[in-house]
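First the structure, in the form of structure tokens, and then the observations on it.
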Number of protein chains: 2
Amino acid sequence: MALINENYLKLPGSYLFSEIAKRVEAYKAANPDADIIKLGIGDVTKPLPEAVITSMHKAVDEMADEKTFRGYGPEPGYNFLIEKIIEFDFGTRGVSLDMDEIFVSDGSKSDTANFQEIFGVDNKIAVTDPVYPVYIDSNVMAGRSGTLGADGKWTNLIYMPCTAENGFVPELPIEKADLIYLCFPNNPTGTTISKTELKKWVDYAKANQAIILYDAAYEAYIQEEDVAHSIYEIEGAKEVAIEFRSFSKNAGFTGTRCSYTVVPKEVMGYTAAGEAIDINKLWNRRHATKFNGVPYIIQKGAEAVYSKEGQKQIKALVDYYMFNAKLIREGIQSTGIEVFGGVNAPYIWLKTPKGMDSWSFFDKVLNDVNIVGTPGAGFGPSGEGYFRLTAFASRESTEEAIKRFTTKFKL
Amino acid sequence: MALINENYLKLPGSYLFSEIAKRVEAYKAANPDADIIKLGIGDVTKPLPEAVITSMHKAVDEMADEKTFRGYGPEPGYNFLIEKIIEFDFGTRGVSLDMDEIFVSDGSKSDTANFQEIFGVDNKIAVTDPVYPVYIDSNVMAGRSGTLGADGKWTNLIYMPCTAENGFVPELPIEKADLIYLCFPNNPTGTTISKTELKKWVDYAKANQAIILYDAAYEAYIQEEDVAHSIYEIEGAKEVAIEFRSFSKNAGFTGTRCSYTVVPKEVMGYTAAGEAIDINKLWNRRHATKFNGVPYIIQKGAEAVYSKEGQKQIKALVDYYMFNAKLIREGIQSTGIEVFGGVNAPYIWLKTPKGMDSWSFFDKVLNDVNIVGTPGAGFGPSGEGYFRLTAFASRESTEEAIKRFTTKFKL
């Protein structure tokens with residue numbers, strides 16, 4: 001009898017975005033003429049940079065010619081891309097990495113979800129709250145979560161609240177954590193922590209033989225000086241941290257799919273008997289067995305991100321979205337609503353006014369000004385009372401949204 | 001302390017292809033002028049079909065324009081591709097499938113490796129022997145294998161030998177199997193089984209509430225009438241079988257990465273308590289949580305495979321490789337060596353002559369005629385005494401290889 005993985009039965013439905021869609025549909029049906037502006041899902045809207053387009057066309061042509069055609073590529077990615085990653089994303093920040101410490105993949109979502117597979121079931125997982133749901137769901141599937149309590153928390157996970165009260169800076173857990181998911185600039189709150197704060201986590205991990213799974217998918221949006229672009233800027237991090245990076249948000253690759261994961265050879269995991277095991281080797285085995293590389297055409301597109309023109313073009317993209325972020329942040333602030341994030345990230349995290357809960361605020365915003373955001377409660381219990389807006393819409397839509405907020409929205 | 005998944009430590013290194021590479025390098029170093037022909041790895045060599053190239057160029061251009069740019073796509077794949085798959089790959093064979101029964105992904109390797117995740121650890125796994133190593137390795141990682149014995153077999157797996165003695169037709173296992181991996185046309189043997197034989201497996205699965213994981217990546221190479229292109233041509237299969245299909249070998253997508261998996265809604269898995277659970281829903285949850293869709297550009301390329309020109313062009317590709325297969329099969333046969341496969345598949349499976357073991361034959365072929373093949377022992381204990389050649393090289397190389405075999409190779 002084929003037995004299922006019963007951990008899957010513990011998972012609630014992917015409630016958040018389907019519930020949003022349902023409410024938007026219902027509103028549309030009742031108000032067919034409403035001009036709804038979507039500032040909900042974290043998906044980009046600007047086209048791919050010209051340098052990427054040019055490079056992909058060239059790569060497509062290579063695939064048409066027997067002399068330049070590419071079949072199976074190396075599973076961890078082509079050297080032409082890995083070299084650029086090491087030089088531009090790390091070398092410029094004083095971080096040196098070896099070629100075999102980079103694993104190119106099809107998305108940070110996949111990698112942050114898959115990485116836990118190389119660890120045992122009996123690890124204690126720590127996550128910030130609110131959090132990107134994939135970190136939790138993948139651990140539920142693997143059997144590390146315990147059960148979901150009435151408080152919205154899994155009994156076996158460690159939650160580290162990030163709220164206005166603590167300035168969105170997670171505190172070191174009292175209970176010992178083995179695997180710690182951190183995401184900075186943060187999705188969903190759009191906030192960051194200082195290098196000094198990040199150093200505390202590296203030290204914690206070293207002291208506890210823990211590993212930090214560091215999601216830096218929004219790194220390109222960092223504007224301020226004291227925010228680390230890579231966790232490896234922090235002393236000692238190469239011994240305890242895995243870093244996830246993506247081309248989705250800096251170069252608009254959400255529908256083009258390319259990312260990479262850094263697994264330094266110094267990072268060690270342990271057997272139950274206490275033997276230190278090279279995590280890089282385990283991930284390499286997993287990557288080579290359960291994955292077959294990113295399309296050549298896509299890797300050539302990603303390579304172009306590092307060309308002179310590419311660098312200029314992605315800077316322009318980030319500037320564009322960050323100006324939207326500024327418009328949203330300042331616009332909302334002017335209405336008297338408390339606003340966080342949006343300085344080093346494309347997400348703006350509002351405190352819902354008058355103690356309104358996330359979903360009531362969602363409904364009010366949809367009804368009053370026809371804008372769709374994301375209820376903070378969808379990202380975890382500590383997201384209750386918050387609301388996320390994204391800077392990824394067009395300038396025109398963003399300006400119109402803010403005009404409505406500032407002129408039509410009544411608390 | 002971060003504990004590793006200790007199942008990984010059970011895995012032997014990916015010995016096969018690295019050992020081949022090592023021996024070839026050593027030979028090259030000693031014989032720098034040798035003209036080595038590689039008929040080893042199952043990678044295609046002909047460029048992508050023109051229809052695919054045209055479609056991908058168009059898709060790249062769409063990504064350059066804000067009006068047609070695509071961000072996140074639906075995780076199971078775009079409807080434009082799924083519609084074509086259902087119509088061309090199944091409708092034409094009398095198999096009807098719903099849109100939500102197809103999951104587009106980045107490769108059959110990924111899907112055949114990942115699919116086991118939705119099943120419990122306590123399932124008994126059955127594999128043919130020899131076998132595509134990914135089925136086994138992914139189950140070792142998940143903790144279903146037991147330990148590796150001196151006989152090259154994992155203690156907790158069921159092996160179904162496929163050798164010349166049984167005509168490469170696996171026998172139903174005596175011990176009850178819960179998950180059964182079948183691959184037809186077979187990699188590595190290049191052999192197939194009749195519809196009547198396949199029906200026995202469907203009946204077995206139904207009788208035992210087992211599930212068949214059916215890898216049909218080489219379907220396009222089928223030439224004979226009595227070989228099923230899809231397992232769903234067999235009555236009852238939609239209740240017990242998952243089918244893996246790929247664009248790698250029919251359209252040359254090994255470096256372009258697109259495939260799909262069919263998960264009929266009738267297929268049920270079971271809880272330990274015996275409750276039937278819809279496998280389609282579990283896989284959908286896994287796919288949406290740990291994967292983020294295939295690049296839009298690549299899916300547009302795959303769609304073009306189903307255009308009138310695309311269909312003609314992939315037929316020409318398959319015909320090209322199958323003529324190579326015929327040359328190899330007949331050429332080797334003429335030397336007195338026993339040959340299998342190569343009729344409905346691009347793989348030719350030789351019985352090594354004079355009781356030579358696979359690796360000794362590998363060395364002899366490399367030394368005597370400078371041809372690289374794959375030792376059958378690398379695919380499992382029952383592969384010992386066999387040797388795989390592929391039809392994926394150019395016509396020129398294939399002809400030259402056969403010329404050397406027939407004129408220079410001395411037993």
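Brief remarks follow.
- Whichever residue in region B:45-54 is surrounded by fewer than 24 Cβ atoms within 10 Å (Cβ to Cβ) and not charged (D, E, K, R) and, among such residues, is farthest from the other protein chains (Cβ to nearest Cβ): B:Ala51
- When residues of region B:159-187 are limited to those that are within 14 Å of chain A (Cβ to nearest Cβ) and of a type in the set (A, V, I, L, M, F, W, C), the one farthest from B:Ala217 (Cα to Cα): B:Ala177
- Hits in region B:248-304 - residues which are within 22 Å of the chain's Cα centre (by Cα), among the hydroxyl-bearing types (Ser, Thr, Tyr) and at the interface with chain A (Cβ under 8 Å from one of its Cβ atoms): B:Thr254, B:Thr256
- In region B:377-394, of all residues being crowded, with 22+ Cβ neighbours inside 10 Å and of a type in the set (S, T, N, Q), the one that is nearest to B:Ile37 (Cα to Cα) corresponds to B:Thr390.
- No other residue among B:Ile125, B:Ile174, B:Ile158 is more than 27 Å from B:Thr256 (Cβ to Cβ), buried (at least 22 other Cβ atoms within 10 Å of the Cβ) and aliphatic (A, V, I, L, M) apart from B:Ile125.
- Within region A:193-229, if we keep just the residues that are out of contact with any helix residue (DSSP H, G or I) (no Cβ under 9 Å at 6 or more places or on another chain) and assigned to a loop (DSSP other than H, G, I, E, B), the residue that is surrounded by the fewest Cβ atoms within 10 Å (Cβ to Cβ) turns out to be A:Glu225.
- Out of A:Leu327, A:Leu350, A:Leu366, sole residue that is touching a helix residue (DSSP H, G or I) at 6+ places or on another chain (Cβ under 7 Å), more than 30 Å from A:Pro76 (Cβ to Cβ) and not in a helix (DSSP H, G or I): A:Leu350
- Any chance A:Asp35 is acidic (Asp, Glu), over 30 Å from A:Ile136 (Cβ atoms) and not in a loop (DSSP other than H, G, I, E, B): no
- Leading residue by the ranking (farthest from A:Ile4 (Cα to Cα)) among those in region A:146-193 that are of a type in the set (Ser, Thr, Tyr) and more than 21 Å from the chain's Cα centre (by Cα): A:Thr155
- Candidate set from region B:59-79 (those that are touching a helix residue (DSSP H, G or I) at 6+ places or on another chain (Cβ under 6 Å), touching a residue at least 60 places away in the same chain (Cβ under 8 Å) and more than 7 Å from chain A (Cβ to nearest Cβ)); member that is surrounded by the most Cβ atoms within 10 Å (Cβ to Cβ): B:Ala59
- Among (1) touching a residue at least 24 places away in the same chain (Cβ under 8 Å); (2) in contact with a strand residue (DSSP E or B) (Cβ under 8 Å, 6 or more places away or on another chain); (3) part of a helix (DSSP H, G or I) - the single one B:Leu317 does not satisfy: (2)
- Scanning region B:85-120 for residues that are in a helix (DSSP H, G or I), surrounded by fewer than 18 Cβ atoms within 10 Å (Cβ to Cβ) and in contact with a helix residue (DSSP H, G or I) (Cβ under 9 Å, 6 or more places away or on another chain) returns B:Phe88, B:Arg93, B:Met99, B:Asp100.
- Subset tally (residues that are in contact with a Leu (Cβ under 7 Å, 6 or more places away or on another chain) and of a type in the set (Phe, Trp, Tyr)) for region A:245-286: 1
Each reported figure results from applying straightforward, stated rules to the coordinates on display, with no laboratory input. Fair warning: this is a prediction, and the values are worked out from it, not measured in the lab. With ideal geometry, Cβ positions are generated from the backbone for all residues, glycine too; neighbour counts draw on all protein chains shown.
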